[in-house]
Amino acid sequence: MSRALFVSEIFSDIISYINVEETYVYTKNSPTLSGKTLYALALTCRAFSEQALDALWESIESVIPLMQCGGIIVSHNTTLGGDHVIPTESQLAVICRYASRVRFLKTSFHDWPRPVRSFLQTLAYSSKVLMPNLRDLRVTCDSVHLLRPLLGPRLQHLSINVSTSVNYRRDLDLWQRISLHMILRSLPTTCPSLEIFDFNLNFSSRPGLRDAPLALPVSYAIQNLRKLRTVIVPAMTKDALTYLGRLSSFTGIKTHLPTCSDLEYVFGSSRGHLLFENIESVDWKIAEWRDVEMFACLWPRKVIAMSLRSEVKFNPGLLQKLFNSLHTREVFRNLQCIRLFEFSPSLPISFFQSFGIAITIDTIRPLFYLSALRVVEFDTGCSIGLNEDNLKEMAEAWPCLEVLLLNETYGCHDPNSVGVTLGGVVRFVELCPRLKKLGINFTLSDFGNLHDLESHASNTLESLTLRSRVEEHTLTSHYSRLNMLVKKLFPRAKCHCQFVSVD
């Protein structure tokens, strides 16, 4: 065997190239690693064992493999001592040998059998941290008290999604609510290194009076975590928002947009401090549109990305007011990404499909002054009326455009719109050399001239979603030919064509 393999850096590099899809890794740049190959390496010799085991246990999806190593669980549903698990010291020692190697855990408590829950509950009554070197924990659960042994001092990314089957307002009993509050308030001491805090509890509905007590432990945790970079929570107090504004490490926020009075309090209490100095992205959930206008007027620092998720129906007049305020304020001059989503939990998608208010080019035109825009996404229940000249204006105004998605979920609902032909789509792609993702509605009025487009194939587009309203007889006779043509025009793109019959 080559002596070079005994150099830890060389062997570590070799391990990083073992790439088979058996084990999931939750970091963007980490490779997926083959469990069988790593297991074989760990058994080869002592020199390989430690690094191979580190890679083998780096990412797991359950604590069941750890319990199997400790001899507590024989299979997923079989234990040696019944459903109630109290591990011995020797079993814990074996488990800890491997648990200390785990860095990433993404799991759901719903799939865990009773022995697993009993094991975690036993640990929860002690101060034992099961995975002391865990960096990334993403969990969906209904038994929040079982989280305690999974929270460790080196945890940097915590994502808690309380199950949609458990409604905090009605179904959680008092004990579970107390457990949830205790977990949240203990985060500053159990996870002092936390950088990304993502807590999701029925986030699709606007916060009500019964959610106010929940905002207090969430805000307490936020105000006592010193390294936060990103916060995603249903609601927080205005004092917590002010604290985040003064935190130099803070770069991104997603929550319900504060009310006008709260915004005035936050920005009025700065006393000369540069609030949100390093913020890069904001993602607001909107209950009242007047709060958006206040946000646009008061926001003190430059922002690169902005998402607005409305719980009330879009009004084109209000949208135009917002866009006007964005292009006239210097803090939005370098905006690179704008996303607008319309979502109402109480209304079905079919309701939107019959909604006829149109967003016109005049509504969007104020955004043309934001020449740095790279991502533009509108997903609304309103129809978006555009023609090919409007697309040409977009291409000229946004030379860096990489993503343009228009009503990807709800589609186009304006039967009177002139629309964009497939040829117009091809010409727009040619005018946007950086465009990678496009979702747009088009008409088939130029169907007879489609063969002339084949010389304009684009190799830059990576994703394309096309929707069209066509007559039934046209769709039946030309559907397959149209799909083949789209694939020829955009050979690298993952294409999705959706046709709605108007007959």
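General remarks:
- Charged neighbours of Arg101, selected by a Cβ distance under 12 Å, balance to 0 (K, R count +1; D, E count -1).
- Counted by Cβ distance under 13 Å from Lys302, the other residues give a net charge of 0, where Lys and Arg count +1 and Asp and Glu count -1.
- Contour minus Cα-Cα distance for Ala397 and Thr189 (0.36 nm per residue): 69.9 nm
- Label-to-label distance, Lys227 versus Arg481, with points set 7 angstrom from Cα along the beta-carbon direction: 6.3 nm.
- Here the 3J(HN,Hα) profile of region 281-298, calculated from phi with Karplus coefficients 6.51, -1.76 and 1.60 at θ = phi - 60°, is 9, 10, 9, 9, 9, 9, 9, 9, 6, 5, 5, 5, 4, 5, 4, 5, 7, 9 Hz, Gly and Pro shown as x.
- Two-site FRET efficiency, Ser49 against Thr328, from Cβ-Cβ distance with R₀ of 51 Å, rounded to 0.05: 0.20
- Accessible area expressed per residue, region 82-126, with surrounding protein chains retained (probe 1.4 Å, Å²): 51 Å²
- Accessible area per residue, Å², region 230-326 with all protein chains present, probe 1.4 Å: 39 Å²
- Asn441 long-range amide H proximity, modeled H, under 5 Å: Arg467
- For Lys488, the lysines whose Cα comes closer than 29 Å to its Cα, not counting residues fewer than 8 places off in the same chain, are Lys392, Lys436, Lys437.
- Loop-located chymotrypsin sites (Phe, Trp or Tyr not before Pro) in region 270-320, at most 12 other Cβ atoms within 10 Å (DSSP): none
- Here the 3J(HN,Hα) profile of region 178-186, calculated from phi with Karplus coefficients 6.51, -1.76 and 1.60 at θ = phi - 60°, is 4, 4, 4, 5, 5, 4, 5, 6, 8 Hz, Gly and Pro shown as x.
- Label-to-label distance, nm, for residues given as Asp262 and Gln498 (7 Å Cα→Cβ offset): 3.3 nm
- What the phi angles of region 91-96 give under the Karplus curve with 6.51, -1.76 and 1.60, with θ = phi - 60°, is a coupling list of 5, 5, 5, 5, 4, 5 Hz, glycine and proline written as x.
- Amide hydrogen neighbours beyond the local backbone of Ile359, cut-off 5 Å, H modeled: Ser383, Ile384, Gly385
- By accessible area, using a 1.4 Å probe on protein heavy atoms only, region 241-332 has 49% of its surface on carbon and sulfur.
- Stretching the chain fully between Gln68 and Arg290 yields a gain of 74.3 nm (0.36 nm per residue, less the alpha carbon separation).
- Placed amide H near Ser108: partners under 5 Å, 5+ positions off or other chain: Thr140
The values are calculated or read from the model by the stated rules, or taken from the named source; none is laboratory data. Quick caveat: nothing in here was measured; it's all calculated off a predicted structure. FYI the Cβ positions are ideal-geometry reconstructions off the backbone, even for glycines, and counts take in every protein chain you see. For accessibility, only protein heavy atoms count, side chains too; no ligands or nucleic acids. Shrake-Rupley method; radii C 1.70, N 1.55, O 1.52, S 1.80 Å.
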